[in-house]
Amino acid sequence: MHSEIHSRFQRFKPTLIEYIEHFNTSGTLFVDGQRNKIKLFELEGMTLNIKSFKVPNLVNRIAYRFFRKSKARRSYEFANRLLENGIGTPQPIAYFEKLIFLGFGNSYYISEQLTVDLTFRELVEIPEYPDAENILRQFVQFSFRLHEKGIEFLDHSPGNTLIKKGENGQYEFYLVDLNRMNFHDHLSFEARMKNLSHLTPKKEMVAVMSHEYAKLYQGKTESEIMERMWFYTDDFQKKYHNKIRLKKRLLLRK
């Protein structure tokens, strides 16, 4: 088994290994997804979030063993890069990779489990969410800082931003599900707009986001920003719903 543990948590290595070795029979189930599973474990007053990535198919077993970094390793390394850039994400603790006969087996990413007040999803799904516009505008400021640092978060979707309420109407934002990211010297205007296209289908929310982004971004008017942000949002929504309709047709044929 290959692993890397953050320097602050090296002394807990035997405990972390024990949690990984007994992942299937211990811990508290937090997320039971089709692809991945998350369990919570306690460690000296801290709650750990351990995400288990399923065993990949044969091709990816070989790819992850010899040519590509695993999802767990990318999650760990990207989390450290985010923190180095002043971008919020739960404290990365370690990653583990199990190697098997045909290459690569399970992998695990360990981070701190945060207690937060909401995710971006609540802003989309709950009408009249308290202080919604203020949260949305601060989220845009957070995303702008991300873009200014050349960080392209490819899974910038409603469930992947955790939000914690602070004092005096201020909010803190934390990115999760980190294994798909690109880091650039510069992020183009089109890439920025496309990066915000998976967050909400509501045009009124996109209008607020465009207004706030226009206050921060030089060289484009609010109407230009709104046009491109809505273009990519609408395009994503059409493709998303077409994909769902296609899946339903395929299921009906079976």
**Report entry** Subset of the stretch 115-161 (residues that are in contact (Cβ under 8 Å) with a residue 60 or more places away in the chain and not in a helix (DSSP H, G or I))
**Finding:** 149, 151
Report task. Please determine, by comparing only the residues of the stretch 1-51 that are open to solvent by less than 80 Å² (accessible area, probe 1.4 Å) and in a loop (DSSP other than H, G, I, E, B), which one is nearest to residue 109 (Cα to Cα). Result -> 6
Query raised in the report: Restricting the stretch 205-254 to residues that are in a helix (DSSP H, G or I), touching a residue at least 24 places away in the same chain (Cβ under 8 Å) and of a type in the set (D, E, K, R), which is least open to solvent (accessible area, probe 1.4 Å)?
Result: 212
Query raised in the report: Among the residues of the stretch 97-109 satisfying the criterion of being open to solvent by 30 Å² or more (accessible area, probe 1.4 Å) and either in contact (Cβ under 8 Å) with a residue 24 or more places away in the chain or in a helix (DSSP H, G or I) (or both), which is farthest from residue 20 (Cα to Cα)?
Result: 102
**Report entry** Check on residue 112, open to solvent by 30 Å² or more (accessible area, probe 1.4 Å), over 30 Å from residue 29 (Cα atoms) and either touching a residue at least 40 places away in the same chain (Cβ under 8 Å) or more than 13 Å from the chain's Cα centre (by Cα) (or both)
**Finding:** no
Query - Qualifying residue in the stretch 124-145 (condition: within 29 Å of residue 27 (Cα to Cα) and basic (Lys, Arg)) - result: no
Report summary line: Of 94, 79, the only residue that is among the small types (Gly, Ala, Ser), open to solvent by less than 20 Å² (accessible area, probe 1.4 Å) and in a strand (DSSP E or B) is 94
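The values are calculated or read from the model by the stated rules, or taken from the named source; none is laboratory data. This one's a predicted model, so the numbers in the text were calculated from it and none came from an experiment. All Cβ positions, glycine included, derive from the backbone under ideal geometry; neighbour counts span all protein chains shown. Side chains are part of the model used for accessible areas, which takes the heavy atoms of the whole protein and leaves out ligands, DNA and RNA. Shrake-Rupley method; radii C 1.70, N 1.55, O 1.52, S 1.80 Å.
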